[in-house]
Structure formats: C-alpha cells, structure tokens
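Novice: One structure, pasted below without further comment.
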Amino acid sequence: MNLICKSAGAIAALLLAPAAGAALIVFEAAGTNAAAITPTRDDFRAAVGGGINAGANGSFGGLRREINWDGVPNGFADASALPADFFNVNSPRGAVFSTPGAGFLVSANAGQSAPILFGFANEFAAFSAQRLFTAVSSNITDVSFFVPGTTTAATTSAFAAIFVDVEVANQTTMEFFDESGSSIFARAVLAGGNQGLSFLGAVAGAGERISRVRLTSGLNTIVANGVLGNPNDDVVVMDDFLYAEPRRAVSEPAGIALAGLGLLGGLLGLRRRRQDA
Ligand SMILES: [Ca+2]
Ligand SMILES: [Ca+2]
Ligand SMILES: [Ca+2]
C-alpha cells in the first residue's frame, strides 16, 4: 500500500504491502513531552473532523470520537478491571476491546487506594491527565467497532493512539484489518524515550474500511501494579485513542445487501437532512 506520511517531521514513507492500491495517510510524532506530539494530534483531528471537542456518546453524526480514559469512574479504574465493552455500553462510543491477556486496567487517579500510573511513576507520564490504559498480562489490545451502543458491527476510516514510554524501536506497532480480516496497514510506533509520548495514526485515503485495530505495546507486559511480565523488555502503555465515527459494516451476502439498500438509502437521506438542518 502507499503510505503518505503527514507528521511534524514530515517524513515521507513509501512501503510495499499486501493490499495493492490501498492508501493510508500516516500521522506520527514522538518526544519527551506532550508538546512534541500535540501538533500531530491536532493534524489528525483536523483530518477526521476538526475542532477541540469530539462527538457526544451514542451516534454522533459523523463527528470523530476520542477516549482519553480520564472520565472513567473510580469504580472501573485500577484496582478494578475496565470492562472490555465499557466504551460501547457504559459510555457508548462504538469501541470494544479484546486481548489474549487477563483483561484491561485504566490507571488510578491520585488519592485512590491503587497507585497512580500502574505503580510505575518513574516510567510513565500521561498525555491527557491523568489516567492511562493497558491490557493486563499481554502486550496486545484489539479494538473492534460497533454502531455506538449496539451490537451491530461497524467500521471506521481512521484510528490513532498515543503510546507512553516507547523506548525500543519496532516493538510497538499498530495494524489495521478490513472486514475480511486482511491486514491493510501496519506500522511501528516511533520511540519517545523514557516517560516519553508517541503518536501514531492513519486515515483511509482511498475508501478503506477498518474493522479491527491491533495495538502491540512493547514486548513486556503489566501483570499487576508495579509488576512486569519480565525484567528486561520494553514496557509500553497507552493514553488517548482517536477515531472516525464507526459506521455500519456493509459486507453482507448479496441478497441481504440488496434488501438492505432501501434501509441504507433511508439512512443516507436522514443523514443528509440532518446536515441540511
Ligand atoms: Ca488520559
Ligand atoms: Ca521507561
Ligand atoms: Ca518502556
């Protein structure tokens, strides 16, 4: 696929990949503090529907969605697990997580019984204060998309994430899969150094639809607060996720797809009327 690179460093990259003709526009930056990645984050926001504010929960009329973890209630944050469907049920934004590990944690705010930053105050720094996100006992988080608040499968056209404490190149990666499960994009996250921040996002440039995102966070894992899976490898956690509005997936058997055209036409008409309003 052709990768068009739009980053603070304006590094252009052209890679050969399995899905011929696919074009993903890449946004990437890394550095020691939030200022190092904020301009690239803002460029990504502009590319998927600008403005400071993401859409409200539920269906959000084409506005992008962001998850910064900071609004997660204490009862769903460290030391309690974050339900995998929290951001489609409790706070319906159309994203459901899965991992081969033991679940997910959102880090505690200061003053709670659990330590801040998963007990690694000398390793991690937040981008958006102050909660971070990690899978437990795994370096893999898969993100699947749904029409917000429903079990109807959806796809998106853009996804980005902020990674924390990426110190080793080519171990922390982001990969997109289409509805058939084919990989349509894969890229390593730039290293930001100890307590540093890294931004990586990509926007579909030729109508590609992203059904699932796989985030691989370093080679190490967090087993519990202050406890790593091993003493040597790079541990990485995550802060903000940003993505375009998940829309209903349309890859259905031909008969069903034909039957659904009328409904789709109705929905498009409704959307058009809303835009006119
Ligand atoms: Ca945060
Ligand atoms: Ca570190
Ligand atoms: Ca690290």
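Novice: In the range 107-136, how many residues are touching a Pro at 6+ places or on another chain (Cβ under 9 Å) and more than 28 Å from ARG64 (Cα to Cα)?
Specialist: Matching residues across the range 107-136 total 1.
Novice: Which count do you get for residues in the range 228-241 that are in a strand (DSSP E or B) and touching a residue at least 60 places away in the same chain (Cβ under 8 Å)?
Specialist: Residues in the range 228-241 being in a strand (DSSP E or B) and touching a residue at least 60 places away in the same chain (Cβ under 8 Å): 6 in total.
Novice: Oh, and also: Give me a count of the residues in the range 137-165 that are among the aliphatic types (A, V, I, L, M) and within 20 Å of ASP70 (Cα to Cα).
Specialist: 5
Novice: Follow-up question, since we're still on this one. Name every residue in the range 88-110 that is within 16 Å of ligand 1 (Cβ to nearest atom) and part of a loop (DSSP other than H, G, I, E, B), in order of residue number.
Specialist: The answer is SER91, ARG93, SER107, ASN109, ALA110.
Novice: Further, regarding this structure: Please list, ordered by residue number, the strands (runs of 3 or more DSSP E) wholly in the range 116-214 having 3 or more residues that are more than 16 Å from ligand 1 (Cβ to nearest atom).
Specialist: 140-146, 153-155, 173-177, 183-188, 197-204
Novice: Here is a check on your reading of the model: is ARG272 at pLDDT below 60 and farther than 26 Å from LEU197 by Cα?
Specialist: So ARG272 passes the test.
Novice: Select from the range 79-113 the residues that are under 25 Å from ASN33 (Cβ atoms) and among the small types (Gly, Ala, Ser) and write down the one among them that is surrounded by the most Cβ atoms within 10 Å (Cβ to Cβ).
Specialist: Looking at the filtered set, the residue picked out is SER107.
The values are calculated or read from the model by the stated rules, or taken from the named source; none is laboratory data. Computed from a predicted structure; not experimentally measured. Glycine gets a Cβ as well: all are built from the backbone with ideal geometry, and neighbour counts include every protein chain shown.
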